[in-house]
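Asker: The structure's right below; bear with me while I get my questions together.
The values are calculated or read from the model by the stated rules, or taken from the named source; none is laboratory data. Predicted, not measured: the structure shown is a model, and the values here were computed from it. Neighbour counts run over all protein chains shown; Cβ positions are idealised from the backbone, glycine included.
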C-alpha cells in the first residue's frame with residue numbers, strides 16, 4: 001500500500017517547552033472583519049493570503065510552500081558547490097555525481113544543440129515495428145529501461161505477508177490526470193488541449209501538421225480505452241482494489257498476449273518471481289483490456305502512442321521547444337501556472353529525481369544537527385502516548401478490539417530526519433556533459449535498485465522520502481511514521497516558543513501521521529503491515545458510522561465560490577480528514593498533559609488554547625489557482641487547506657471554548673453532527 005503523506009511542513013520539537021516567549025513572526029494578523037467562530041480560516045489567514053500572492057511559477061502558495069522554497073535554496077548551495085568542485089572531487093563519490101548531474105542539467109547550450117537527438121534512436125525503433133509481437137517486445141524493453149508505458153510496475157510489501165517484497169503491476173498509461181478526464185463533458189476543453197499538446201510534440205520532431213493531428217487522435221483513442229477499464233481514485237483507496245496476488249500461469253490467462261514469464265526475464269527478475277510464487281496483478285479488469293488492445297489495436301496506433309510518450313517523457317531533458325511545450329500543457333493548461341520555474345530549480349529537480357537520497361546526505365550534514373533527532377523523538381513519544389490514552393478511553397470500541405488496536409500502536413516505528421544508513425551509489429555512471437544520458441542512466445540504475453528487492457525481506461528502516469523533502473508520511477506496510485529533516489523547523493516548531501504553538505504545529509502533524517494507522521485504509525492493516533481484519537463486526541460498524549459523518553461534512557464543502565457545483569470529495573479525502581481530526585485531538589491532549597500545573601500566560605493576546613489552534617490555522621494559510629484547485633478536487637486525497645483549517649477544530653468543543661463560540665456558530669458543530677473517532 002502506498003505511503004500516506006500529509007503534504008505539509010512539519011517541525012522540530014524540543015524535549016521540554018517550558019519557556020513562554022512570544023515569537024515575533026508568529027504574532028497573528030487576523031482579519032477583524034471576520035469571526036473566528038464563523039470562519040476560522042478567513043479570520044486567521046485572510047490578511048496573510050492578501051499579503052502573500054502566489055508567485056508566477058507556482059500553482060499554490062502557503063506556509064508549506066515557503067518552507068519548501070527555503071529547502072530548495074539550501075539545496076542549491078549544495079549542488080552548486082558540488083558542480084564547481086566535481087572535476088577534482090573523489091572519483092565516483094556522490095559529490096562528483098551530484099555535481100555532474102547538476103552541471104549537465106544547467107548546460108542549456110549543450111541541451112539546445114542536442115535538440116531531440118537523444119531520442120531519435122528510440123523513435124526510429126518505434127517506426128520499425130511491424131507486428132503485434134514487435135509491439136510487445138518493444139514495450140517490454142521500454143519497461144526494462146525504466147520507461148514503463150501502458151501500465152505501472154514496481155515493488156512493495158505483500159499485503160498478506162508484509163515481511164516480504166513482491167512485484168506489483170498496476171493500471172497506468174494515461175496522460176490526463178485520471179480516467180474520468182477521457183469521458184466527462186466537463187473536461188472536453190482539456191481533452192482538446194491534450195490533443196493539441198500531443199500533435200505539437202509530433203510536429204517538434206518533424207511530423208507534418210496533418211499527420212501529427214491524425215496520430216494524436218490515435219493516441220487519444222488508445223488512452224481512452226485504457227481509461228475506460230481503469231478504476232477511479234476513490235475506488236483505488238480500497239485495499240482489495242490495490243492487491244490481487246496471482247501466479248505467472250494465472251496472470252497469463254488474464255493476458256494471453258502478454259507472457260509474464262518472459263516479461264520478468266526481460267526485467268531481469270526471476271520468472272518464479274524470486275521464490276515468492278507470484279506477484280500482484282492489481283487491477284485484472286485493466287490488464288484484460290490492455291491485453292485486448294495488444295491484439296486488436298493496429299500497430300500504427302501503438303506506434304503513435306509509444307512515440308508520443310517517448311517524446312513527452314523526455315521533454316524536460318530536451319531542448320527549449322520541448323520543455324516549453326511540456327510546461328504549456330502540464331504547467332499552464334492543467335495547473336494554471338503562468339511561468340515555468342527558472343533553470344536552476346529544474347536542474348535541482350533532476351538531482352532530486354535521480355540521486356535524492358545522496359543529496360540528502362549532504363543536506364543533513366550541512367543543515368540538520370544530530371542532536372535534533374533525539375529532541376524530535378521526545379515530542380513524537382508524547383503525542384503517541386496521547387493516542388494510546390485515547391484508544392484506551394474510547395466509549396465506542398470493545399475491549400477485544402482495543403487490545404488489538406493497542407498492539408498495533410505498540411509496533412509503531414517513528415523515523416526521524418534521515419536514514420540510519422545511506423544508499424550505495426557506486427554502480428551509477430554519470431557523465432559531466434550529457435543531461436539526457438544522465439537521466440537515462442539514473443532511471444535504469446534506480447529501477448534495478450528497487451526491483452532487486454523482489455523476494456527479499458521488507459526493510460522497515462528504509463525511507464521513501466528524502467531528508468530535504470518538506471513533508472511527512474505514514475507507511476501501512478511497515479507501520480512507520482516518518483518525518484524528514486526539512487520539515488522539522490518553523491512554522492511548525494519554534495525553538496524559543498511555548499508548548500501551545502509547537503503542539504498546534506508539529507504535534508498535530510505527528511498525530512496526523514499516527515492517525516493514518518487507524519484511518520479508513522490504515523485500520524485494515526495490522527501492526528505487521530498485513531491487510532487483515534482485526535476488528536469485531538460491531539466495532540467496525542461503529543467506526544464506519546463515524547467515518548461516514550466525516551465524509552458528509554467534507555461533501556458539503558464548496559472551496560471556490562465561482563464553482564458552486566464543485567464540492568470536496570469526502571470519500572476521496574476521508575483518510576486525510578481522519579488524520580487531521582485525530583491528530584489535532586492527540587496533540588491537544590499531549591499539550592494539556594505537558595502543561596499540567598503550569599500557569600497559562602497570555603502571549604500575543606492569546607490564551608494557551610487559542611495559540612494552539614492559531615498555529616494549526618497559521619500553517620495552513622494558503623491560496624491556490626482555480627485550475628490547480630479543480631485538478632486537486634479530482635485527484636488529491638487531501639482536502640483544500642481552507643477546509644482543513646476549519647474542519648477538525650469545528651468538531652472539537654475545546655475550540656469553541658477557547659474562542660467563546662456559541663451553539664449555532666458555523667465553527668460549532670451540533671452534537672449530532674460532531675465527529676469524534678480517535
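Asker: From the list 198, 111, 94, 126, which one is under 30 Å from residue 365 (Cα atoms), in contact with a helix residue (DSSP H, G or I) (Cβ under 7 Å, 6 or more places away or on another chain) and buried (at least 18 other Cβ atoms within 10 Å of the Cβ)?
Answerer: Within the list 198, 111, 94, 126, the selection yields 94.
Asker: Here is a follow-up. In the set 163, 130, which member is farther than 24 Å from residue 439 by Cα, in contact with a strand residue (DSSP E or B) (Cβ under 8 Å, 6 or more places away or on another chain) and modelled with pLDDT of 95 or more?
Answerer: Of the residues listed, the single one that is farther than 24 Å from residue 439 by Cα, in contact with a strand residue (DSSP E or B) (Cβ under 8 Å, 6 or more places away or on another chain) and modelled with pLDDT of 95 or more is 163.
Asker: Among 300, 347, 307, which is assigned to a helix (DSSP H, G or I), more than 30 Å from residue 433 (Cβ to Cβ) and either assigned by TED's automatic domain parsing to the domain that holds residue 58 or at pLDDT 95 or above (or both)?
Answerer: Exactly one residue qualifies, and that residue is 300.
Asker: Does residue 216 satisfy the criteria of being without any contact (Cβ under 8 Å) to a residue 60 or more places away in the chain and either in contact with a helix residue (DSSP H, G or I) (Cβ under 8 Å, 6 or more places away or on another chain) or farther than 25 Å from residue 568 by Cβ (or both)?
Answerer: Answer is no for this residue.
Asker: Shifting gears a bit: So which residues in segment 160-181 are free of Cβ contacts under 8 Å to residues at least 60 places away in the same chain and either part of a strand (DSSP E or B) or farther than 23 Å from residue 315 by Cα (or both)?
Answerer: Hit for segment 160-181 is 179, nothing else.
Asker: Okay, next question. How many residues does segment 533-551 hold that are under 28 Å from the mean Cα position of the chain (by Cα) and touching a residue at least 40 places away in the same chain (Cβ under 8 Å)?
Answerer: Number satisfying all stated conditions: 6.
Asker: Only one residue in 510, 501 is farther than 30 Å from residue 232 by Cβ, surrounded by 22 or more Cβ atoms within 10 Å (Cβ to Cβ) and within 19 Å of the chain's Cα centre (by Cα), so which one is that?
Answerer: 510
Asker: Please verify whether residue 104 is in contact (Cβ under 8 Å) with a residue 12 or more places away in the chain, assigned to a helix (DSSP H, G or I) and crowded, with 23+ Cβ neighbours inside 10 Å, treating the condition exactly as stated.
Answerer: yes
Asker: While we're looking at this one, here's another question. Find the residue count for segment 385-418, including only residues that are surrounded by 17 or more Cβ atoms within 10 Å (Cβ to Cβ) and under 23 Å from the mean Cα position of the chain (by Cα).
Answerer: The number of residues fulfilling the criteria is 6.
Asker: Based on what the data block shows, is residue 441 touching a residue at least 60 places away in the same chain (Cβ under 8 Å) and either surrounded by 16 or more Cβ atoms within 10 Å (Cβ to Cβ) or not in a loop (DSSP other than H, G, I, E, B) (or both)?
Answerer: So residue 441 does not fit the description; no.
Asker: Could you list, in sequence order, the residues of segment 51-67 that are out of contact with any strand residue (DSSP E or B) (no Cβ under 9 Å at 6 or more places or on another chain) and surrounded by fewer than 19 Cβ atoms within 10 Å (Cβ to Cβ)?
Answerer: 51, 56, 57, 66
Asker: Tell me the residue from 622, 642, 650 that is in contact with a strand residue (DSSP E or B) (Cβ under 6 Å, 6 or more places away or on another chain) and either surrounded by fewer than 22 Cβ atoms within 10 Å (Cβ to Cβ) or modelled with pLDDT of 95 or more (or both), please.
Answerer: Answer to the check: 622.
Asker: Does residue 405 satisfy the condition of being touching a strand residue (DSSP E or B) at 6+ places or on another chain (Cβ under 8 Å) and in the same structural domain as residue 591 (by TED's automatic domain parsing)?
Answerer: Against the criterion (touching a strand residue (DSSP E or B) at 6+ places or on another chain (Cβ under 8 Å) and in the same structural domain as residue 591 (by TED's automatic domain parsing)), residue 405 does not qualify.
Asker: When segment 234-279 is examined, which residues are found to be in a helix (DSSP H, G or I), under 30 Å from residue 184 (Cβ atoms) and in contact with a helix residue (DSSP H, G or I) (Cβ under 6 Å, 6 or more places away or on another chain)?
Answerer: Hits for segment 234-279 are 235, 239, 241, 254.
Asker: Do we have residue 328 as at pLDDT 95 or above, buried (at least 19 other Cβ atoms within 10 Å of the Cβ) and either closer than 23 Å to residue 343 by Cα or not assigned by TED's automatic domain parsing to the domain that holds residue 137 (or both) here?
Answerer: No: the conditions fail for residue 328.
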